[in-house]
Amino acid sequence: MHEILATASGALGYVFPNDLHVHWSLMIVLYPYITGIVAGAFIVSSLYHVFHIKALKPLAKFSLLFAFAFLACATLPLMMHLGQPGRAMSMFLTPNPSSAMAGFGYIYTAYAFVLALEIFFIYRVHLVKRRQETTGWQHAMYTVFSMASDNLSERSLKLDRKIISFLAAIGIPMACVLHGYVGFIFGGVKANPLWATPLMPVIFLLSACVSGIAGIIVAYFLLRKIAGKSIDMDCVRTSIKFLWGFFIVDFTFEMLEIFSHGYMATAHWHTLHELLWGPLFNSYWVWQVMILSVIPFLLLGYVSIRKVSDSLLRIIAPVASVMILLQVLLMRWNVVIGGQLMSKSQRGSVDFQPHWFEKEGIFLSMVIMVLPIIILYVMGKVFPFWHDDNQSEV
Amino acid sequence: MQQNFKSSYNVHVVRILLTFVGMIIVGSLLRSLLLPSEFGDYGHYRPGAVTEEANREMRNKTNDSCLDCHYFVKKIHLKGVHEVVSCEVCHGAYSDHVKDGKVIGEMPVYRGEEIKSLCLRCHNKIIRARPPESIKMIAMPEHLEEKNVRTDHVCNQCHHVHAPYKWIKEAREMMGLPEKWEGGSSWKK
């Protein structure tokens, strides 16, 4: 009782006692962020494998590994958020088709299989060769990875290629469902006027593509720089164009959503208005929209339309990509946290201040965001990122 | 260059498919081992869970259960308008206070300024938390200005917390003010 009164001091207007606490906090901000990066990174690899955008070849393999590393951590925030993480397994033990929340478990698992298989087939030649070169535990590991097959005949590789295009093709709708689902789970909360819109899955999906492509570009620049390798500017130019394209649609939809809310001015508009121009003003309008959308939008447009020099692109591409990564993170924050700041009383709002060392605090969030990078590093030891890493091609 | 390979050209695909089949078999085995036998008898749940939940120790009880021991409060509370209000809303859960008929913990009691925010949780006109027909609401500090008193008065200086009109009614009788109350010997309106 005393605690409630104490927290209520951080509230504005009248807030129901059960609205005082923001239950879905940082972990639930990270969850759509990480899943989004997965879906987006997969799109990059599909652009090469399915749509045959040749310029993206240098990124085709890396983006799959990148997607996988983040996928491996996508459920972590959810587990950290749950009071009883062990019970998550119940959705496989006693599957309930009408549970919207459990849906993620099934989609995620199916997608993880497709992604793992695609990586396995794409790297098969490499794995088989490594198996022959290595001894001891490494040999055992490569034996498992190559399914103890040594067949690299033309016929076998042809079969592989067929399977790869099939996996990549079904992977696209699955990646879309994976992240569209995350938008759906928010869009389906009809009690929350900020979330409850059928546009939610679309916006989530588009921002996912955007964050995935931006993430790949940033990682590409970083890793190549660290390894002292050259950067394929043609590839960067193409990915920047795609980034811009997706971002145009993404940003337009984000704005259209707000404008249609405002134009329709339904019963909930005044609450939304108070939220967006109140506690969310800085994080939404100033940061997400003005600084982190408009500036990268112009930058990307400029480098996509005008013929800029490589040295300028070398600066603009990573800068704009980092800004877009932050934009998407803020978008998740504004949606997830923002939606919970308004009270169901429609007469008040609370504020939310994450702490460093709490169960779902900032420190843990940072650990979870660093983890995929460590996984990626370890994976890089077995599956080389770049096609110029001296190995044969599929 | 024609090479001779030990394995056939599609053996890895076959092995992957077999792995999947194996996973499905192991999965179903695990499921049959882990799934409680009576699961699904009546629906998508384990019937035993219902009894388990029902047998959980209750945290909250009725006002009567408090009044068994608090005879003094009983004499006042039941005669006042707050008769309908739960003790535990203002104090705390029974199970934190009493177990097996013995007192095991202290109940929190609001004092001074805290009482003001406690009362205003239900009686605040500004936030209009509830329809006025069910609970009368007042605005602060108007309520005290009307009474011509200093605005730093706390509610329980005039209202008995357990029977809000007790003292007010007694004071009116003492002063010979017109009888505005109908409740007879009770301190209700």
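The values are calculated or read from the model by the stated rules, or taken from the named source; none is laboratory data. Keep in mind the model is a prediction, meaning the values are calculated, not measured. Here Cβ is always computed from backbone atoms with ideal geometry, including for glycine, and neighbour counts include all displayed protein chains. The area values use the complete protein model at the heavy-atom level, side chains included, leaving out ligands, DNA and RNA. Shrake-Rupley method; radii C 1.70, N 1.55, O 1.52, S 1.80 Å.
General observations
- Qualifying residue in the range A:358-366 (condition: touching a strand residue (DSSP E or B) at 6+ places or on another chain (Cβ under 7 Å), open to solvent by 50 Å² or more (accessible area, probe 1.4 Å) and not aliphatic (A, V, I, L, M)): no
Yes or no, residue by residue, for (1) within 24 Å of the chain's Cα centre (by Cα); (2) at pLDDT 90 or above; (3) under 30 Å from A:Arg131 (Cα atoms):
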site: B:Lys6; (1), (2), (3): no, no, yes
site: B:Tyr9; (1), (2), (3): no, yes, yes
site: B:Leu18; (1), (2), (3): no, yes, yes
site: B:Ile25; (1), (2), (3): no, yes, yes
site: B:Phe39; (1), (2), (3): no, yes, no
site: B:Gly48; (1), (2), (3): no, yes, no
site: B:Lys61; (1), (2), (3): yes, yes, no
site: B:Val103; (1), (2), (3): yes, yes, no
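- Selection within the range B:158-186: residues that are closer than 14 Å to B:His77 by Cβ and assigned to a loop (DSSP other than H, G, I, E, B). The member of this set that is modelled with the lowest pLDDT is B:Ser186.
- Of all the listed residues (A:Leu206, A:Leu243, A:Leu256), the sole one being touching a residue at least 60 places away in the same chain (Cβ under 8 Å) and of a type outside the set (D, E, K, R) is A:Leu243.
- Residue match in the range A:151-170 (condition: out of contact with any Gly (no Cβ under 7 Å at 6 or more places or on another chain), among the small types (Gly, Ala, Ser) and within 14 Å of chain B (Cβ to nearest Cβ)): yes
- If you filter the range A:336-352 down to residues that are open to solvent by 20 Å² or more (accessible area, probe 1.4 Å) and more than 14 Å from chain B (Cβ to nearest Cβ), you find that the one that is farthest from the chain's Cα centre (by Cα) is A:Asp351.
- Selection of the range B:1-34 for residues being open to solvent by 90 Å² or more (accessible area, probe 1.4 Å) and among the polar types (S, T, N, Q) yields B:Gln2, B:Gln3, B:Asn4.
- Pairs are defined by a Cβ separation below 6 Å, a sequence spacing of at least 6 or placement on different chains, a first member in the range A:120-135 that is assigned by TED's automatic domain parsing to the domain that holds A:Asp388, and a second member that is β-branched (Val, Ile, Thr) and part of a loop (DSSP other than H, G, I, E, B); the pairs so defined are A:Ile122/A:Val394; A:Val125/A:Val394.
- Here A:Arg314 meets the list (1) of a type in the set (D, E, K, R); (2) within 14 Å of chain B (Cβ to nearest Cβ); (3) assigned to a helix (DSSP H, G or I) almost entirely, failing just condition (2).
- Matching residues, the range A:24-72, being of a type in the set (Ser, Thr, Tyr) and touching a residue at least 40 places away in the same chain (Cβ under 8 Å): A:Ser25, A:Tyr31, A:Tyr33, A:Thr35, A:Ser45, A:Ser46, A:Ser63
- Evaluated against (1) more than 29 Å from the chain's Cα centre (by Cα); (2) surrounded by 18 or more Cβ atoms within 10 Å (Cβ to Cβ), B:His162 falls short on exactly one condition, (1).
- Of the residues making up the range B:2-55, those that are more than 8 Å from every other protein chain (Cβ to nearest Cβ), on the phi < 0 side of the Ramachandran plot and not in a helix (DSSP H, G or I) number 10.
- Applying a threshold of 6 Å to beta carbon distances and a minimum spacing of six or more residues, or different chains, the list of pairs starting in the range B:43-72 at a residue that is touching a residue at least 24 places away in the same chain (Cβ under 8 Å) and ending at one that is among the small types (Gly, Ala, Ser) reads B:Arg59/B:Ala93; B:Arg59/B:Ser95; B:Asn60/B:Ala93.
- Hey, A:Leu313 farther than 25 Å from A:Val177 by Cα and either loosely packed, with under 15 Cβ neighbours inside 10 Å or in contact with a strand residue (DSSP E or B) (Cβ under 6 Å, 6 or more places away or on another chain) (or both) or not: no
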